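Chemist: The structure under discussion is supplied below as structure tokens; questions concerning it will follow.
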Amino acid sequence: MSKSTTASRPTVTKCEDWQAWNEFIETNDGPPFALWGWREACRNYGHDTHYLVAQTEEGIVGALPLVEIRSRLFGSTLVSPPYGERGSLVLSEDAPQSTATQLLQRAQEIADRTGVDYVSLRGTKFELSDSDQFERETRFVTFDIPVDVDHTTMWNGIKESRQRQIDQARDNDLEYVAGDSLDELREYYDLYLRSMRGHGTPPHSFDFFETIWNGFEDYGMAHLGLVRHQGRLINGILNLGCGSTVSQWGVITDYEYRDLQGGSFLLWKSMEHAHERGYSSYELGRTREGTGVYMFKKSFGGKKTYYDDYHYYPNGPVDLPHPDKDAYEPIKEAWKRLPISVTRLIGPTIRKDISL
């Protein structure tokens, strides 16, 4: 077989080399949720993982991280990524044309063999071939804010009413600090538990956060942003970076103090931090158009970008998870009334099975 023919047909295998995996994801500007640290956090929940790589004689040319979630209550799925904003295929610029299709076919084979209800590849746009059995759906959007510009340009891209809120936060003597210790991560987690209860949402475990924190030390960036008022933590965020982009994740708020405008201040300081670290873009995460969160993010400028999701249904279409379903409202209201000690204990056993 000639070299050109070999190069056009990569070999797809399961990856076990975390260093080679991370180097490929970072070099090819993949999302942070595709890094190995995210895999380890998912495996701590007991989920099986299928981290696929396509390789030629020159090395890795494509990657597809898949996490298998099996739940009696929520069904079973192969998802890329669970709990995160954007995953799916990562391809090198010189990847042979067949690379995407070969990775997708292997994902289909795993889905058929394991009997999951569907495969969900989230957020990253790619072209489907005629032989691919995936369906494209666009359900969410994000905003990409350029942070490789000067400070004044970044500031001028923000809506004036939002600028006034950031200035108001400064007048309210809010303090922004970068958390760098396990104790600060625990403090963040305590507010996270209260914030999630306020949303009526089961929380992740602290181990989940700690695994991500540790897993992003060598590859990627985990930046813990904390806003304090008179020493009290009132806002927090966990930003994750890889390649040229920082992704917003893990935003929390103490709603008793929201009039102090800590949320606006937090996002602006996160943008500043990404700028100082030399990143090109700050990505605001998946959002449904028309919501209050969507309008908040829109006010910070940036390019509106649609997240394309791709689904494969081994046994025919099924209803996809939808966090705003009316049927969930009574459950959310009941969750809001539970003591924090209860949500801390039982929440992660539920949250681990919710792929959103």
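The values are calculated or read from the model by the stated rules, or taken from the named source; none is laboratory data. Quick caveat: nothing in here was measured; it's all calculated off a predicted structure. So basically every Cβ, Gly included, is an ideal-geometry build from the backbone, and we count neighbours across all protein chains shown. To get the accessible areas, we keep the full protein, side chains included, count just its heavy atoms, and leave off ligands, DNA and RNA. Shrake-Rupley method; radii C 1.70, N 1.55, O 1.52, S 1.80 Å.
Chemist: In the range 239-269, which residue that is touching a helix residue (DSSP H, G or I) at 6+ places or on another chain (Cβ under 7 Å) and of a type in the set (Ser, Thr, Tyr) is nearest to residue 224 (Cα to Cα)?
Modeler: 247
Chemist: Checking the structure you have, find out if any residue of the range 253-266 is at pLDDT below 95 and within 17 Å of residue 81 (Cβ to Cβ).
Modeler: Checking the range 253-266: not a single residue is at pLDDT below 95 and within 17 Å of residue 81 (Cβ to Cβ).
Chemist: Related question: Residue 13 versus (1) in a helix (DSSP H, G or I); (2) of a type in the set (S, T, N, Q); (3) open to solvent by 40 Å² or more (accessible area, probe 1.4 Å): which is the lone unmet condition?
Modeler: The failed condition is (1).
Chemist: Helices (runs of 4 or more DSSP H) wholly in the range 79-192 with at least 2 residues that are among the small types (Gly, Ala, Ser), open to solvent by less than 70 Å² (accessible area, probe 1.4 Å) and in contact (Cβ under 8 Å) with a residue 40 or more places away in the chain - which ones?
Modeler: In the range 79-192, 99-114, 160-171 are the helices (runs of 4 or more DSSP H) which contain 2 or more residues that are among the small types (Gly, Ala, Ser), open to solvent by less than 70 Å² (accessible area, probe 1.4 Å) and in contact (Cβ under 8 Å) with a residue 40 or more places away in the chain.
Chemist: Please count how many residues of the range 289-316 are assigned to a loop (DSSP other than H, G, I, E, B), under 24 Å from the mean Cα position of the chain (by Cα) and at negative phi.
Modeler: 5
Chemist: Out of the residues in the range 317-335 that are open to solvent by 70 Å² or more (accessible area, probe 1.4 Å) and in a loop (DSSP other than H, G, I, E, B), which is modelled with the highest pLDDT?
Modeler: It comes out as 317.
Chemist: Name the residue, out of 48, 94, that is touching a strand residue (DSSP E or B) at 6+ places or on another chain (Cβ under 9 Å) and farther than 24 Å from residue 355 by Cβ.
Modeler: 94
Chemist: Taking the options 66, 73, name whichever one is open to solvent by less than 20 Å² (accessible area, probe 1.4 Å) and either more than 24 Å from residue 239 (Cβ to Cβ) or part of a helix (DSSP H, G or I) (or both).
Modeler: 66
Chemist: So, one more: Exactly one of these conditions fails for residue 207: (1) buried (at least 20 other Cβ atoms within 10 Å of the Cβ); (2) part of a helix (DSSP H, G or I). Give me its number.
Modeler: Here residue 207 clears every test but (1).
Chemist: In the range 38-45, is there at least one residue being closer than 14 Å to residue 310 by Cβ and either touching a Pro at 6+ places or on another chain (Cβ under 6 Å) or not acidic (Asp, Glu) (or both)?
Modeler: no
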